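Take a look at the structure set out below.
The values are calculated or read from the model by the stated rules, or taken from the named source; none is laboratory data. Since this is a predicted model, take the numbers as computed values, not measurements. Ideal geometry is used to build each Cβ from the backbone, glycine not excepted, and the neighbour counts take in all protein chains shown. Keep in mind that these areas ignore ligands, DNA and RNA; they rest on the heavy atoms of the full protein, side chains included. Shrake-Rupley method; radii C 1.70, N 1.55, O 1.52, S 1.80 Å.
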Amino acid sequence: VPATRVELTVSCRQLLDKDTFSKSDPLCVLYTQRPGCRQWREFGRTEVIDNTLNPDFLRKFVLDYFFEEKQNLRFDLYDVDSKSPDLSKHDFLGQAFCTLGEIVGSAGSRLEKPLTGIPGKKCGTIILLAEELGNCRDVATLQFCANKLDKKDFFGKSDPFMVFYRSNEDGTFTICHKTEVVRNTLNPVWQAFAIPVRALCNGDHDRAIKVEVYDWDRDGSHDFIGEFTTSYRELARGQSQFNVYEVVNPRKKMKKKKYLNSGTVTLLSFAVESEHTFLDYIRGGTQINFTVAIDFTASNGNPSQSTSLHYLSPYQLNAYAMALTAVGEIIQDYDSDKMFPALGFGAKIPPDGRVSHEFPLNGDAANPACSGIAGVLEAYHRSLRSVQLYGPTNFAPVVNHVARSAAEVLDGSQYFVLLIITDGVISDMAQTKEAIVNAAKLPMSIIIVGVGQAEFDAMVELDGDDIRISSRGKVAERDIVQFVPFRDYVEGGGSAGLSMARLARDVLAEIPDQLISYMKARGIKPQPATPSPDPP
């Protein structure tokens with residue numbers, strides 16, 4: 001399921017003029033690639049605009065957006081000279097390449113790039129604007145009470161609860177909410193509850209919503225008290241005389257002439273809020289800071305031997321470099337300065353040979369940040385030549401290193417992602433659990449990629465998908481760890497590109513929800529989008 005859909009608007013400035021007697025008649029063609037596939041496929045075309053070198057195309061491109069995938073895009077511009085759909089019959093005006101993440105991650109989700117592709121010519125610029133399509137993200141919060149409900153229990157009063165149903169196109173009903181049971185009363189006040197508007201009415205504000213009121217019985221044979229119908233539009237009027245409903249039991253109504261109702265239900269409050277999405281925060285300027293931590297313990301094997309997980313072959317990247325590149329290439333689109341701190345752990349470091357569990361790969365303790373993913377790889381290769389692989393395998397120091405940075409910016413302007421690449425067997429489980437439980441309160445997530453053939457049972461425990469991780473009786477506030485074994489992505493054969501795209505997808509898929517869960521827990525709303533200045 002795509003996280004969301006994004007609408008791209010294309011404009012160009014100062015295109016080449018290919019027409020002798022008038023200006024060019026531009027058309028933009030968008031091409032996309034399947035993940036891990038080199039082949040470009042035509043996705044769509046804008047309309048043609050006559051006689052302009054500065055087109056603002058009206059026809060938009062609507063794309064599914066996946067944070068966890070590298071979605072490559074190519075925009076080709078043509079000057080259209082005839083009605084022919086065959087592009088080779090028209091003049092090529094230049095092209096631009098980018099990823100969808102690059103557009104979305106730019107200030108105000110607006111990216112400007114020079115058009116290239118015609119040697120020796122300035123082809124002008126392309127301006128790409130991404131907007132998320134709001135597919136009814138509203139969440140309604142409702143609270144109800146009831147008065148004088150029918151008494152259904154022989155001893156004592158009723159134990160009422162309500163069940164809400166939305167109606168479908170074909171007239172059937174689908175359950176969408178159940179309140180809690182309020183014990184032993186005919187005048188219950190239920191707790192307020194939040195529900196996506198989509199779930200209540202599927203976006204149609206006039207569609208019927210049916211509500212049934214029951215008396216709860218321990219054996220599950222709940223007694224029907226009565227029902228009423230309303231609609232989202234009615235409920236949205238809030239607390240008023242229109243939102244007091246008679247609860248009617250149709251069977252009683254048919255039997256008894258004098259029957260009025262089985263009580264009333266009153267709407268006490270109604271509020272609606274828009275759920276904020278990952279892209280709302282990115283558009284509002286939240287930056288994702290990416291830190292890498294690499295395992296330099298002796299169990300990886302001697303780097304000068306080809307059996308080592310750290311072996312530097314002139315022909316191909318080792319597992320550490322592949323995992324780092326796959327994840328880093330996607331995250332870098334969301335980090336404007338492209339400076340990535342890179343740490344190592346478990347080695348004896350020069351000059352004195354002391355064992356360190358958080359040493360900077362670039363040798364600069366004051367500033368361990370490297371420029372771009374290429375800079376991280378270079379520092380990694382340099383470190384391998386200068387340190388001695390040793391042990392034990394301690395994660396807590398690098399987790400706490402990133403946590404210290406995250407603790408300084410709790411306002412939602414930055415979110416930290418730590419990628420730990422390790423050959424597995426962890427030595428400081430208790431300390432790492434404690435570090436993760438503390439980090440769960442901070443704007444950070446941890447990705448662990450296990451390389452080599454070890455048993456990764458401890459990593460699965462840290463992942464916390466099945467059982468939320470705890471330390472000294474304190475349970476982590478959110479699940480912030482995602483673990484995958486590297487071998488699952490290389491052993492099946494197939495192209496390396498495709499399997500690395502899959503690896504990145506699996507480790508990054510949880511990040512958007514983890515970021516939102518932090519923001520929600522702290523009550524942080526996204527900033528309004530920061531537009532970059534318009535070009536002259």
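Structure values in brief
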read-out	value
Percent carbon-and-sulfur accessible area, the chain, ignoring ligands, DNA and RNA, probe 1.4 Å	51 percent
Paired Rg and Dmax values of the range 4-133, which use every Cα atom, in angstrom	14.5, 48
Proximal aspartates and glutamates to LYS23, defined as alpha-carbon separation beneath 12 angstrom and excluding residues fewer than eight positions away on the same chain	ASP50, ASP79, ASP81
For ARG207, residues with placed amide H under 5 Å, excluding near neighbours	TYR232
Size of charge dipole - the range 4-133 - debye, nearest 20, with Cβ of Lys, Arg +1 and Asp, Glu -1, no other charges	320 debye
Relative contact order (%) - the range 4-133, alpha-carbon pairs under 8 angstrom, separation at least six	32 percent
Length-normalised contact order for the chain - Cα pairs under 8 Å, 6+ apart - percent	12 percent
Relative packing of 454-462, 33-41, which averages over residues the other C-beta atoms within 10 Å, highest first	454-462, 33-41
Dipole of the range 138-274, positive end: most advanced residue of THR179, ILE195, ASN243 [Cβ charges, Cα centre]	ASN243
1.4 Å probe accessible area per residue over the range 4-133, in Å²	48 Å²
TRP190, TRP216, reordered so the largest accessible area comes first (probe 1.4 Å)	TRP216, TRP190
Close Lys-Lys pairs in the range 138-274, where close means Cα under 19 Å and separation is 8 or more or interchain	17
Contact order normalised by residue count of the range 138-274, Cα under 8 Å, 6+ apart, percent	31 percent
Largest-first ellipsoid semi-axes for the chain, taking √(5λ) over the Cα gyration tensor eigenvalues, angstrom	51, 38, 19
Cα shape, the range 297-434, gyration tensor, a/c 1.5 rule	oblate
Cα centre as origin, Lys/Arg/Asp/Glu Cβ charges: the range 276-341 dipole, Debye	120 debye
Solvent exposure of the range 138-274 as accessible area per residue, Å², 1.4 Å probe	56 Å²
Protection proxy ranking of 385-396, 102-113 - average other beta-carbon atoms within 10 Å, highest first	102-113, 385-396
Charged-residue dipole, Cβ positions (Lys, Arg, Asp, Glu), the chain about Cα centre, Debye nearest 20	1480 debye
Cα centroid of the range 251-292 to Cα centroid of the range 79-135, whole Å	41 Å
Dipole of the range 382-536, positive end: most advanced residue of ALA504, GLN514, LEU410 [Cβ charges, Cα centre]	LEU410
Accessible area of LYS441 in the full protein assembly, 1.4 Å probe (Å², nearest 10)	80 Å²
Built amide H within the under 5 Å cut-off of GLY344, gap 5+	ILE294, PHE359, LEU361
Counting all C-alpha pairs of the range 138-274, share separated by more than 24 Å (%)	29 percent
